[in-house]
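The values are calculated or read from the model by the stated rules, or taken from the named source; none is laboratory data. All figures in this text were calculated on a predicted structure; none of them were measured in a lab. Ideal geometry is used to build each Cβ from the backbone, glycine not excepted, and the neighbour counts take in all protein chains shown. Protein only, heavy atoms only, side chains kept; ligands, DNA and RNA dropped before computing areas. Shrake-Rupley method; radii C 1.70, N 1.55, O 1.52, S 1.80 Å.
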Amino acid sequence: MYPQIEINLEKLEDNARRLISLCREQGISVSLVTKVLAGNKEIVERLASLDFSHIADSRLENLELFKGIKLPKMLLRLPMISEAERVVETADLSLNSEIETIKALNKAARELHTVHKIILMFDLGDLREGVFYRDDYSGLIREILALENIELTGIGANLTCYGGVIPDQDNLNELIAIKNKIETGFGIKLRIISGGNSSSLYLLKKNQIPEGINNLRIGEALFLGRETAFGKRFAGLHEDAFILKAELIEVKEKPSYPIGSIFMDSFGKIPKIVDKGPMRRGILAIGKQDVYPENLIPLGDYEVIGGSSDHIILELAGDLKVGDVLAFRVNYPGLLQLMSSKYVHHVYL
Ligand SMILES: *Cc1c(COP(=O)(O)O)cnc(C)c1O
């Protein structure tokens, strides 16, 4: 049944093994970031037999689906205060930056007779989540350490998500400076120093992850074989563990430029279309409800030129015909969209 996404579990396992062993050589554990899978249990179950330190996801709904899987669960997105109890029930560990939320987790953990672990996030300049690294955080640490049902397990940072800031020895050394300051200032030991995501991997290759960083949270590199600081292929990893297949429902020769007065397309955008003369055009039975056309990478003699909710339009070379099935690789946003669409069938290889 089409559209379908073919999932090559062996290639995913290969990627996972390689990343885990590269990290382990440098004393770094790997948290398996599953958020792009939109709760797909088959894949997570298969990967969870490898030597990851945690299953990490942004959404509690996904972590709840992974309940039966052995690895400790890490909630990646800062918790909502309103879900504190569910967080404590579902996640062994959460990333945090707000004392009000941490207090709510403490209260929930007390009621559930447990201790909830947190990683305190520091913003090293990318300007997404975290305590700003130049601010004075000593009062915050003191308050956290006073909470009886919270364990400050570590600190972490997340880069290259909003501001596009690339991890380097300077900003990661800031994280190490914060670790040292907290450990000596408060006489505690931080167990986890989590130095980022797939964008930190290029440093690993160059042996430039500062000593003291002992965890990375990895999603994209594992699933799509790419590091994300420079968007390059990561040597030795498969880029094609996920392949989208969709079926042609129309193939016709038509003009390349629309006829009539042009205003907006079905998504309210003014289309920018170049007149290339007559064109062999194809329509696939999949649309923006499943994946944005620009997130597809054609694996054949065809080019994506646009789409609407339920159609993707292609320029075709060669002699493709109605009923043919075309294949694409996808980028990370594309994979996220496809895995989230209930109309895309999963096929395991
Ligand atoms: C998504 C996410 C990651 C993983 O990022 P990748 O680029 O997919 O490796 C790590 N940490 C946090 C907080 C995230 O939200």
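Residues that are in contact with a strand residue (DSSP E or B) (Cβ under 6 Å, 6 or more places away or on another chain), β-branched (Val, Ile, Thr) and not in a strand (DSSP E or B) occur in the range 277-297; there is at least one. Residues of the range 93-105 that are open to solvent by 10 Å² or more (accessible area, probe 1.4 Å) and either within 16 Å of the ligand (Cβ to nearest atom) or not small (Gly, Ala, Ser) (or both): Ser97, Glu98, Ile99, Glu100, Thr101, Lys103.
Filtering the range 314-332 to residues that are of a type in the set (A, V, I, L, M, F, W, C) and either over 19 Å from the mean Cα position of the chain (by Cα) or modelled with pLDDT under 95 (or both) leaves Leu314, Leu316, Ala317, Leu320, Val322, Val325, Leu326, Ala327, Phe328.
A quick yes/no check of all residues on (1) farther than 25 Å from Ile43 by Cβ; (2) at pLDDT 95 or above; (3) of a type in the set (D, E, K, R):
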residue	(1), (2), (3)
Lys252	yes, yes, yes
Ser261	yes, no, no
Gln289	no, yes, no
Ser309	yes, yes, no
Ile312	no, yes, no
Gly334	no, yes, no
Ser340	no, yes, no
Tyr343	no, yes, no
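Scoring Glu61 on the criteria (1) over 15 Å from the mean Cα position of the chain (by Cα); (2) surrounded by 17 or more Cβ atoms within 10 Å (Cβ to Cβ); (3) within 30 Å of Glu85 (Cα to Cα) leaves a single failure, condition (2). As a summary of the residue check, Ile313 satisfies the conditions (1) among the β-branched types (Val, Ile, Thr); (2) within 16 Å of the ligand (Cβ to nearest atom); (3) in contact with a Gly (Cβ under 9 Å, 6 or more places away or on another chain) except for the one numbered (2). Kindly indicate the residue of the range 270-287 that is open to solvent by less than 40 Å² (accessible area, probe 1.4 Å) and over 32 Å from the mean Cα position of the chain (by Cα) and also modelled with the lowest pLDDT among those meeting that condition. Top of the filtered list is Gly277. Within the range 64-92, the only residue that satisfies the criterion of being loosely packed, with under 15 Cβ neighbours inside 10 Å and under 15 Å from the mean Cα position of the chain (by Cα) is Arg77.
Among the strands (runs of 3 or more DSSP E) confined to the range 113-230, there are none with at least 1 residues that are away from the ligand (no atom under 16 Å from the Cβ), polar (S, T, N, Q) and within 19 Å of Leu95 (Cα to Cα). In the range 207-235, the residues that are on the phi > 0 side of the Ramachandran plot reach residues that are in a loop (DSSP other than H, G, I, E, B) and within 12 Å of the ligand (Cβ to nearest atom) with C-beta atoms within less than 8 angstrom, at least six apart or across chains, in these pairs: Gly225/Phe234.
Residue by residue, here is whether (1) part of a helix (DSSP H, G or I); (2) within 13 Å of the ligand (Cβ to nearest atom); (3) not hydroxyl-bearing (Ser, Thr, Tyr) holds:
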position	(1), (2), (3)
Arg46	yes, no, yes
Leu50	no, no, yes
Ile55	no, yes, yes
Glu64	yes, no, yes
Gly68	no, no, yes
Met74	no, yes, yes
Ala84	yes, no, yes
Val87	yes, no, yes
